[in-house]
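Here the structure comes first, spelled out in structure tokens, and everything after it is commentary.
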Amino acid sequence: MLELLSFGPNGWGGQLLSGLAMTIAVSVSSFTLGILFGSAGAAAKLSHSLILNGIAEVYTTIVRGVPELLVIYLLFFGGSGAIMAVAGIFGYEGYIEIDAFSIGVVAVGLISGAYSTEVIRGAVQAVPVGQIEAARACGMSRWLILRRVLVPQTMRYALPGLGNVWQLTLKDTALISVTALAEIMRVAHVASGSTRQPFLFYSTAAVLYLLLTTVSTAAFERAERRANRGVRRA
Amino acid sequence: MDWELMWDSLPRLLGALPLTLTLVFASLLFGAGVAFATALLRLSGNRVAETLTAGYVFVFRGTPLLVQIFLIYYGLGQFESVRDSVLWPMLREPMWCAILALTLNTGAYTSEILRGAILSVPVGQVEAARACGMSRVLAFRRIVLPMAIRQMLPAYGNEMILMVKASSLASTITMLEITGVSRKIISQTYAVFEIFILAGAIYLLLNFLAARLIKHTEWRLTPYLRTRA
């Protein structure tokens, strides 16, 4: 039975390992994209424009209220069509196909971004107003305040919440296997189909996910300790 | 946007609503039982019980739900002892596999919510109850549990919404609930956006109702926080 998990010609070890690498690649890309969406969403929610407020509110409400699988299916089946429709407006009539990786990253990134929006918004609001006022009194411009005062402190406050979002993102990437992208779940599915050992391969997948979540929990704890090294604890 | 198609597909999608609701309610109900037992065992002081339940929670919170569903639906059938057991008629059905996976998943998350809520009850309350002559069980039933349940409501509301969303994964093991039916309609009509918008709207409505229900329960259970007219 262990031969099936080995790296030999009859083993699935190599594929499982590349599946693990793919899961990490998709997770990191979607999480990064999610932070970009989240920052934009938080900026929109905190702006004084009613239109931006509304757009961000609709984004977070819909994406957080609809099943992740539905978002992935929507982009997987409808993504190419939508892009071709937009391209058609600009006069391009050819066929455009997007690869499963990009679709997966955008879909999970959208979901991750909706949760990040709330985390980042809360973190920005946790920065005391006095800090901003003091920076302005020192004569800093808006951009300088953002770069030197607001963003560094926001990052510290957002870290625990973003750690949770990372765990969600990591687990959501398993759903991309429905688009046949060869990440952990997909490899396990294919392997169990051809070897008739579903329990073996799905439990291996579970162990790999547990490994990823455990390692990243430890990494986030370290990052938090480092980010808080200048803060006195009561 | 094909409005007519949307209107025509609505009855079929709504026809799948009872199955989605069954999945959600069954797993929330069984999951509450699992969570209650798990939380009590994790706080029992018994080393073996604490390690076992901590392991259960760790595994089910650390892996994707899809893995859990596939492990139960495809994985268990691999063993002859499972296929020969009395449970096989149930474990053969995707319905029971989906409910089992969802139950164990929500049970793990809810047990942590409940454990946190039980720990948040001030020690003084228990001491006062003991001083009044209540037994430990009576104090737990009358003092700790009601306060813990009130405390855990907001977090449990999130869990309910997560379960409504999680029920969509049952479509991956051939269940024709809302997501499964939408995929079927799309494969017949190719109207991706129309159908998914409709399905998304149904889920949003369900989640909105779940959030209202929790808000209302919270309001009912906190008469002392309401301002008197």
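Evaluate the following for residue B:37: is it crowded, with 16+ Cβ neighbours inside 10 Å, modelled with pLDDT of 95 or more and of a type in the set (Gly, Ala, Ser)? It would help to see each step written out before you state the result.
Numbers: crowded, with 16+ Cβ neighbours inside 10 Å: no; modelled with pLDDT of 95 or more: yes; of a type in the set (Gly, Ala, Ser): yes.
No.
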**Study point:** Enumeration of residues in region A:148-201 that are at pLDDT below 95 and aromatic (Phe, Trp, Tyr)
**Key:** A:157, A:199, A:201
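For the structure I just gave you, tell me whether residue B:152 is in contact with a Pro (Cβ under 7 Å, 6 or more places away or on another chain), more than 22 Å from residue A:61 (Cβ to Cβ) and not charged (D, E, K, R). Don't jump to the end; show me each part of the working.
On the way: in contact with a Pro (Cβ under 7 Å, 6 or more places away or on another chain): no; more than 22 Å from residue A:61 (Cβ to Cβ): yes; not charged (D, E, K, R): yes.
No, not satisfied.
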Check your understanding: Does residue B:169 count as within 14 Å of chain A (Cβ to nearest Cβ) and either among the aliphatic types (A, V, I, L, M) or not in a helix (DSSP H, G or I) (or both)?
Key -> yes
**Study point:** Residue under evaluation residue B:155, criteria (1) more than 11 Å from the chain's Cα centre (by Cα); (2) more than 14 Å from chain A (Cβ to nearest Cβ); (3) in a helix (DSSP H, G or I), criterion not met
**Key:** (2)
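Looking at residue B:14, is it surrounded by fewer than 20 Cβ atoms within 10 Å (Cβ to Cβ), over 16 Å from the mean Cα position of the chain (by Cα) and touching a residue at least 40 places away in the same chain (Cβ under 8 Å)? I'd like the intermediate steps shown before the answer.
On the way: surrounded by fewer than 20 Cβ atoms within 10 Å (Cβ to Cβ): yes; over 16 Å from the mean Cα position of the chain (by Cα): yes; touching a residue at least 40 places away in the same chain (Cβ under 8 Å): yes.
Answer is yes for this residue.
Can you give me the number of residues within region B:83-99 that are part of a helix (DSSP H, G or I) and either of a type in the set (A, V, I, L, M, F, W, C) or at pLDDT below 90 (or both)?
Count: 11.
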Check your understanding: Out of all the residues in region B:210-225, is one or more touching a residue at least 40 places away in the same chain (Cβ under 8 Å) and either on the phi > 0 side of the Ramachandran plot or not in a helix (DSSP H, G or I) (or both)?
Key -> yes
**Study point:** Pair list, Cβ < 6 Å and 6+ apart or interchain, from region B:194-209 residues that are within 8 Å of another protein chain (Cβ to nearest Cβ) to residues that are among the polar types (S, T, N, Q) and part of a helix (DSSP H, G or I)
**Key:** B:199/B:182
Study note, to complete from the structure: Over region B:177-193, the set of residues facing chain A (nearest Cβ under 9 Å) and either outside any helix (DSSP H, G or I) or among the aromatic types (Phe, Trp, Tyr) (or both) is B:190, B:193
Check your understanding: Which ranges mark the helices (runs of 4 or more DSSP H) fully within region A:131-208 that have 2 or more residues being closer than 30 Å to residue A:71 by Cβ and within 20 Å of the chain's Cα centre (by Cα)?
Key -> A:151-172, A:184-195
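Could you list all residues from region A:137-180 that are hydrophobic (A, V, I, L, M, F, W, C) and farther than 30 Å from residue B:64 by Cβ? It would help to see each step written out before you state the result.
Keep residues of region A:137-180 that are hydrophobic (A, V, I, L, M, F, W, C), which gives A:137-138, A:140, A:143-146, A:149-151, A:155, A:158-159, A:162, A:165-166, A:168, A:170, A:174-176, A:178, A:180.
Passing the criteria: A:137, A:138, A:140, A:143, A:144, A:145, A:146, A:149, A:150, A:151.
Would you call residue A:110 within 14 Å of chain B (Cβ to nearest Cβ) and at pLDDT below 95? Before the answer, list the steps.
Details: within 14 Å of chain B (Cβ to nearest Cβ): yes; at pLDDT below 95: no.
Here the answer is no, as residue A:110 does not meet what is asked.
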Review point. So, in region B:38-58, of the ones that are among the hydrophobic types (A, V, I, L, M, F, W, C) and free of Cβ contacts under 8 Å to residues at least 24 places away in the same chain, which residue ends up farthest from the other protein chains (Cβ to nearest Cβ)?
Key: B:40
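Of the residues that sit in region B:64-82 and are assigned to a helix (DSSP H, G or I) and farther than 30 Å from residue A:27 by Cα, which one is nearest to the other protein chains (Cβ to nearest Cβ)?
Applying the first criterion (assigned to a helix (DSSP H, G or I)) to region B:64-82 yields B:65-78, B:80-82.
If we keep only those that are farther than 30 Å from residue A:27 by Cα too, we end up with B:77-78, B:80-82.
Numbers: B:77: 7, B:78: 4, B:80: 12, B:81: 12, B:82: 9 Å.
This residue is B:78.
The values are calculated or read from the model by the stated rules, or taken from the named source; none is laboratory data. The structure displayed is predicted, hence computed values, not measured ones. Don't worry about glycine lacking a Cβ; one is built from the backbone with ideal geometry, like all the others, and counts go over all protein chains shown.
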